[in-house]
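The values are calculated or read from the model by the stated rules, or taken from the named source; none is laboratory data. Computed from a predicted structure; not experimentally measured. Note: ideal-geometry Cβ built from the backbone for every residue, glycine included; neighbour counts use all protein chains shown. These accessible areas exclude ligands, DNA and RNA; they are computed on the full protein's heavy atoms, side chains included. Shrake-Rupley method; radii C 1.70, N 1.55, O 1.52, S 1.80 Å.
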Amino acid sequence: MIKTDTISSSFDIIALRQQFPILSRQVKGKQLVYLDNAATSQKPQSVIDALTGYYSGYNANIHRGIHTLAEEATAAFEATRNAVQQFINAGSREEIIFTRGATEGINLVAYTWGRQHVQAGDEILISTMEHHSNIVPWQILCEEKNARLRVIPINDKGELILEEFEKLLSERTKLVSLVHVSNALGTVNPVRYCIEAAHQTGAKVLLDGAQSTVHLDIDVQDLDCDFFVFSGHKLYGPTGAGVLYGKKSLLESMPVFQGGGEMIKEVTFEKTTYNELPYKYEAGTPNIADTIALKAALEFINGVGKKNMQRHEDELLAHATSELKLIPGLKIIGEASEKTSVVSFVIENCHHQDLGILLDNQGIAVRTGHHCTQPLMDRFGIPGTVRASFAVYNTLQEVDELAKGLRRAIKMLV
Ligand SMILES: Cc1ncc(COP(=O)(O)O)c(C=O)c1O
């Protein structure tokens with residue numbers, strides 16, 4: 001039962017929580033407290049209904065059919081493209097490429113734009129706080145092209161050191177590929193500044209929006225990033241439905257990625273010509289159901305309002321930070337002045353995994369480990385952290401449960 005005196009008043013959180021069926025379940029005999037939202041968020045009933053609605057009402061392959069079901073499915077799939085365009089304020093719907101998620105979006109750029117533009121001696125700039133999915137594709141490319149991967153260092157608070165970034169930028173820099181919001185630290189990077197600086201030296205910029213898209217207002221035209229990627233499952237949508245945004249001129253001039261159906265205009269054994277944007281990058285049958293349901297997730301977010309969500313999540317973060325700091329031996333990893341929705345920490349003499357298990361025994365779901373940011377953990381000299389990450393349906397009371405749960409766990413471990 002949620003106590004109304006301990007929750008944010010900017011919207012009706014009890015009604016909002018009722019939209020998420022999973023939140024009423026028990027884990028290990030306790031009411032679930034789900035604080036692993038940076039890994040994946042839970043789904044509202046509207047998203048679940050959109051999935052079952054497609055499979056039970058108009059399941060058909062898209063684009064190629066002329067029958068009613070195919071037309072309905074195509075219209076619903078393409079409606080998500082329009083919704084995404086508006087959601088991130090892209091200039092045109094052709095700039096929205098559906099992918100499996102942020103990882104596939106980054107790989108797509110590495111395999112197409114990267115292979116076309118990066119040559120021996122060129123440099124790609126990333127930061128210490130990147131997710132592995134924004135490290136490994138560039139390592140593969142650099143190895144193949146004999147190019148160099150360079151890394152922007154961070155300070156002890158988990159912020160980019162901008163003077164070092166400026167020093168690293170040069171005419172050799174072909175791409176700056178930067179996480180917008182760190183999944184392991186919660187740091188919100190000054191991407192507008194970085195994009196401007198990178199463009200001045202002629203480099204392109206890819207933003208990894210896997211964590212930012214659900215928490216911040218995203219306007220890709222205003223940011224002026226060249227590429228932007230995100231995953232639907234982190235913004236109340238289904239798994240397997242993600243987006244690559246690219247500036248139209250870039251997407252048009254890039255070589256194709258995967259070959260197959262849909263991405264072609266005409267095929268003969270001698271030669272194939274390719275489809276227009278966005279279909280040029282969407283070979284084969286896409287993830288129709290999940291992409292359709294992504295629209296319901298965006299509608300959910302728009303319905304609550306990003307500003308309301310931000311206010312609520314900021315309140316949760318502030319409360320969590322102050323409560324956790326009271327726990328003896330607890331050290332927060334990542335104390336950037338610009339932060340959102342993630343609190344990562346270690347506790348003296350307690351292994352993060354043990355803490356995770358003991359919290360789970362109390363129905364509290366957090367993530368433990370390196371969070372797919374091993375180089376970042378190395379920077380802090382730790383094997384991993386416990387990470388609590390917040391979503392719009394979390395309450396201050398749940399944060400209190402986390403603090404209580406940790407105190408109980410510490411008593412058992414120390
Ligand atoms: C910052 C960041 N980038 C990229 C990814 C990869 O997202 P996905 O696994 O959905 O492709 C994640 C996932 O946790 C992330 O947090």
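The table for this structure:
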| item | result |
| --- | --- |
| Residue match in the range 201-212 (condition: more than 16 Å from the ligand (Cβ to nearest atom), open to solvent by 10 Å² or more (accessible area, probe 1.4 Å), in a strand (DSSP E or B) and in contact (Cβ under 8 Å) with a residue 40 or more places away in the chain) | yes |
| Hits in the range 100-130 (condition: within 15 Å of Phe227 (Cα to Cα), of a type in the set (S, T, N, Q) and open to solvent by less than 10 Å² (accessible area, probe 1.4 Å)) | Thr112 |
| Every residue from the range 322-336 that is of a type in the set (Val, Ile, Thr) and either open to solvent by 60 Å² or more (accessible area, probe 1.4 Å) or under 15 Å from Thr385 (Cα atoms) (or both) | Ile332, Ile333 |
| Residue match in the range 62-78 (condition: open to solvent by 30 Å² or more (accessible area, probe 1.4 Å) and within 16 Å of the ligand (Cβ to nearest atom)) | no |
| Candidate set from the range 14-48 (those that are of a type in the set (Ser, Thr, Tyr) and open to solvent by 30 Å² or more (accessible area, probe 1.4 Å)); member that is nearest to Val214 (Cα to Cα) | Thr40 |
| Residues within the range 342-369 that are closer than 24 Å to Gln26 by Cα and outside any strand (DSSP E or B), tallied | 13 |
| Answer residue from the range 352-366, given it is open to solvent by 40 Å² or more (accessible area, probe 1.4 Å) and touching a residue at least 12 places away in the same chain (Cβ under 8 Å) and is nearest to Glu315 (Cα to Cα) among those | Asp360 |
| Condition broken by Thr52, with the remaining ones in (1) among the β-branched types (Val, Ile, Thr); (2) under 21 Å from Leu316 (Cα atoms); (3) open to solvent by 40 Å² or more (accessible area, probe 1.4 Å) satisfied | (2) |
